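Structure record follows, encoded as structure tokens.
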Amino acid sequence: MALSTSRCADVLLLRPKGRIDHNNAEEFADAVKPYLADCKAGGDSLIFDLSELEYISSAGLRVLMLVSKNVGPNGGKVALAQPQRVVGEILQISRFKYVFPIHDTVAAGIAALSPDAAAAYART
Amino acid sequence: MADFPARLDELTAVLAFVERRSGELGTSRDVALRAALIAEELFVNCLRHGLAPERSRVRIELQCVDGELELGFEDEGLAFDPFTRPLADAPHLRPPHERPIGGLGVVLVDSFALRRDYRRLDARNCVRIWLPAGTA
């Protein structure tokens, strides 16, 4: 698992790549943690771009739930975008659409969160 | 068939075996990933509940029969049927603000399975899962 980031205005894109399983879920949690404090009302929004994530088990879903529990009370907005087929099935089975919005594309996710970020993303 | 020490640091080897064997059986990459997920959740479940005794091993086999991929998983722990939890207790069915952070492993296994079977045989927990072996 590797995590890369990029920013479009007030939206931070987090891009996990590879696989998240019980062996490396803590590594994923540690990699995400520094970005949670600024995810709050009036602060950053987060999008997990899942286009390069091949596999996620319940250990990775647990980290996403922790993200929700962490930023929710502060009014932070988080969305998931562009999951690969099996990852999308896993999110659907576990009803994550009731935890985070799930968008078919990163562009749609950004547009739903921030017009400024959408404009910035369109220029990339 | 392959067997592995019942230790979390064997998970990578377990997943590699399941995906490689699925490929050998001619399933698609997506089917191999679903099978790997099932194997991971069963493997971790048997470790997490402390049911696998020290130095015990788990046994995993896969075969394709009539368009279905059959995954067999056996461990040497105390008798434990992972599918006995009432559906009403499933974490994903609770309102978002009440959802616990974990507990989705068996939900995922159950949802990907066409059928499943649990037996206690010769002091082993024997789980069999069948999933579609199609190309998608």
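A compact table of results
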read-out: Segment A:Ser4-A:Thr105, length gained on full extension (0.36 nm per residue, minus Cα span); value: 34.6 nm
read-out: Nonlocal Lys pairs with alpha-carbon distance under 16 Å, the protein assembly as shown (8 or more apart, or different chains); value: 7
read-out: Accessible area in the full protein assembly, largest first, 1.4 Å probe, for B:Asp117, B:Asp9; value: B:Asp9, B:Asp117
read-out: Residue-averaged [θ]222 nm for chain A, counting only DSSP H segments that reach four residues, each worth -39500 (n - 2.57); value: -11000 deg cm²/dmol
read-out: Rounded to 5, percent antiparallel among DSSP beta bridges of the protein assembly as shown; value: 70 percent
read-out: Convex hull volume per residue for the protein assembly as shown, taking Cα atoms only, in Å³; value: 123 Å³
read-out: Residue-normalised accessible area of chain A, expressed per residue, 1.4 Å probe, Å²; value: 44 Å²
read-out: Other protein chain Cβ atoms within 10 Å, averaged over every residue that makes up A:117-123; value: 0
read-out: Per-residue average of Cβ from other chains inside 10 Å of A:51-61; value: 5
read-out: Centroid-to-centroid separation of segment A:26-95 and segment B:90-123 [C-alpha atoms, Å]; value: 21 Å
read-out: Chain B, relative contact order in percent, only Cα pairs under 8 angstrom and at least six apart counted; value: 28 percent
read-out: Extension gain (nm, one decimal) between B:His97 and B:Ala79, 0.36 nm per residue minus Cα-Cα; value: 3.1 nm
read-out: Cβ neighbours within 10 Å from other chains - mean over B:26-34; value: 3
read-out: Projected label distance in nm at A:Lys97 and B:Ser28, using a 7 Å step from Cα toward the beta-carbon; value: 2.0 nm
read-out: Low-density loop cleavage sites - trypsin sites (Lys or Arg not before Pro) in segment B:33-136, where at most 12 other Cβ are within 10 Å (DSSP); value: B:Arg55
read-out: Inter-site label distance for A:Asp116 and B:Arg57 at 7 Å from Cα along Cβ, in nm; value: 6.1 nm
read-out: Calculated FRET efficiency for the pair B:Thr12/A:Lys69, C-beta based, R₀ 25 Å, to 0.05; value: 0.30
read-out: Charge dipole (debye, nearest 20) of segment A:9-124; +1 at Cβ of Lys and Arg, -1 at Cβ of Asp and Glu; value: 260 debye
read-out: Residues whose placed amide H lies under 5 Å from that of B:Ala6, excluding near-sequence neighbours; value: B:Ser56, B:Arg57, B:Val58
read-out: Loss of accessible area when B meets A, both sides summed, Å² nearest 100, probe 1.4 Å; value: 2300 Å²
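The values are calculated or read from the model by the stated rules, or taken from the named source; none is laboratory data. No experiment lies behind these values; they were computed from the predicted model shown. When we count neighbours, we look across all protein chains shown, and the Cβ atoms used for this are built from the backbone with ideal geometry, even at glycine. Just so you know, the surface numbers come from the protein's heavy atoms only, side chains and all, with ligands and any DNA or RNA stripped out. Shrake-Rupley method; radii C 1.70, N 1.55, O 1.52, S 1.80 Å.
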